[in-house]
Amino acid sequence: MNTPRQSTINQISDIDLKLLRVFKAIVESGGFSAAEISLNISRSTISTYMTTLETRIGMRLCERGRGGFSLTTQGADVYQAILTLFKALDEFQQKLAVKQSELSGTLKLSVPDGLLTESEFAFTEVLSKFKASAEKVQLHLFTNSPNEIENTVLTGGADIGITPYHQKRDSLHYQLLYQEDFYLYCAYSHPLFEQIESQVSVADIYQNAIAGPSHATLPNVTKMLHKFTDRGIANHLESRMMLLMTGHYIGFLPAQYAANWVRDGLVKAILPKTFNYVLQHAAIYRKDMALSIASQRFLKQLKGYYQ
């Protein structure tokens, strides 16, 4: 008569699960020899695993030897318990997968103005696709100037920002998105509007007041802006357009943003072959903070849009 041994299992570990899977495979294969194929390990290793398992749970699970393989009464009970355990684990994994696909929480985004007019970056399309895949996620959308976007992300006020790629900060990750073409514009009420382009020189342009940003921009753009002696500050596109509409300022605007006003005859580009530049935009997020699952999915959809 076998004396019951005390189990050493208090909590099931990954090693215990491995041993239980080996025992399950042995039973379903009909013995140690047949289990070698399904487990892809040697018979001696299988024997070692079984001995370890029996020691861990404190009971003999099977008879093996010249008489062949057979389960003990306790072994049959343990096998049934294993089936129940692994079924529960499978159900847990399935439920977890469903919960992970049904995202919740909040996604905070900080973006520049003018995105609705940017044909190369259908931002509402990306938002719509994301919301359809994550209906329970609350979207918080903020419109800020480029320097405000960086600061908002760095201080945790936003999870992800979309901003002009003027400079690279070591504390931020950058995921490149789209480019914008900028030109210098004046409004219909400005003296330059009625002048013939061939009669306007580069030097004449620099004699005018310009509306521009206070934040850092591309080196070549900064160099141009410094040549204007009279400057108004307008960090947002709409406020810049307002200054242009006074008839006292000229300013750089994205071509897509200005297109409707150009079409209506309210603004025009000035010496576009000379006064122009291309600005790259990027999605930014902090390096020192783990991204939420919602943020990861949004960035993945952004990346997919540009591939």
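The values are calculated or read from the model by the stated rules, or taken from the named source; none is laboratory data. Note that the coordinates shown come from a computational prediction; the quantities given were computed from them, not determined experimentally. Neighbour counts run over all protein chains shown; Cβ positions are idealised from the backbone, glycine included.
Quick notes on this one:
- Strands (runs of 3 or more DSSP E) (entirely within segment 189-307) containing at least 3 residues that are more than 26 Å from the chain's Cα centre (by Cα): 210-212, 231-233, 250-254, 267-269
- Residues satisfying the criterion are absent from segment 252-266 (criterion: modelled with pLDDT under 95 and among the acidic types (Asp, Glu)).
- Verdict on residue 127 being at pLDDT below 95 and in a strand (DSSP E or B): no
- For first residues located in segment 77-97 and under 16 Å from residue 25 (Cβ atoms), partners that are surrounded by 10 or more Cβ atoms within 10 Å (Cβ to Cβ) and lie 6+ apart or on another chain with Cβ distances below 6 Å form the pairs 78/61; 79/27; 82/20; 82/24.
- Applying a threshold of 6 Å to beta carbon distances and a minimum spacing of six or more residues, or different chains, the list of pairs starting in segment 241-258 at a residue that is over 16 Å from residue 271 (Cβ atoms) and ending at one that is hydroxyl-bearing (Ser, Thr, Tyr) reads 243/249; 247/189; 256/117; 256/119; 257/117.
- Some residue of segment 62-84 being surrounded by 11 or more Cβ atoms within 10 Å (Cβ to Cβ), within 51 Å of the chain's Cα centre (by Cα) and outside any helix (DSSP H, G or I): no
- Scan of segment 33-59 for residues that are of a type in the set (A, V, I, L, M, F, W, C), over 47 Å from the mean Cα position of the chain (by Cα) and buried (at least 18 other Cβ atoms within 10 Å of the Cβ), ordered by number: 59
- Segment 133-172, residues that are farther than 15 Å from residue 216 by Cβ, touching a strand residue (DSSP E or B) at 6+ places or on another chain (Cβ under 7 Å) and loosely packed, with under 15 Cβ neighbours inside 10 Å: 136, 138, 139, 140, 141, 142, 171
- Residue under evaluation residue 237, criteria (1) touching a Leu at 6+ places or on another chain (Cβ under 9 Å); (2) at pLDDT below 90; (3) closer than 30 Å to residue 301 by Cβ, criterion not met: (2)
- Among the residues listed as 196, 205, the single one being surrounded by 17 or more Cβ atoms within 10 Å (Cβ to Cβ) and of a type in the set (A, V, I, L, M): 205
- Any hit, segment 95-108, residues being touching a strand residue (DSSP E or B) at 6+ places or on another chain (Cβ under 6 Å), surrounded by 15 or more Cβ atoms within 10 Å (Cβ to Cβ) and modelled with pLDDT of 80 or more: yes
- Test: residue in segment 29-41 that is in contact with a strand residue (DSSP E or B) (Cβ under 8 Å, 6 or more places away or on another chain), small (Gly, Ala, Ser) and part of a helix (DSSP H, G or I): no
- Subset of segment 275-297 [in contact (Cβ under 8 Å) with a residue 60 or more places away in the chain and among the polar types (S, T, N, Q)]: 276, 280, 292, 295
- Taking the criterion of being more than 19 Å from residue 253 (Cβ to Cβ), touching a Leu at 6+ places or on another chain (Cβ under 8 Å) and among the small types (Gly, Ala, Ser), the residues of segment 158-200 that qualify are 158, 161, 171.
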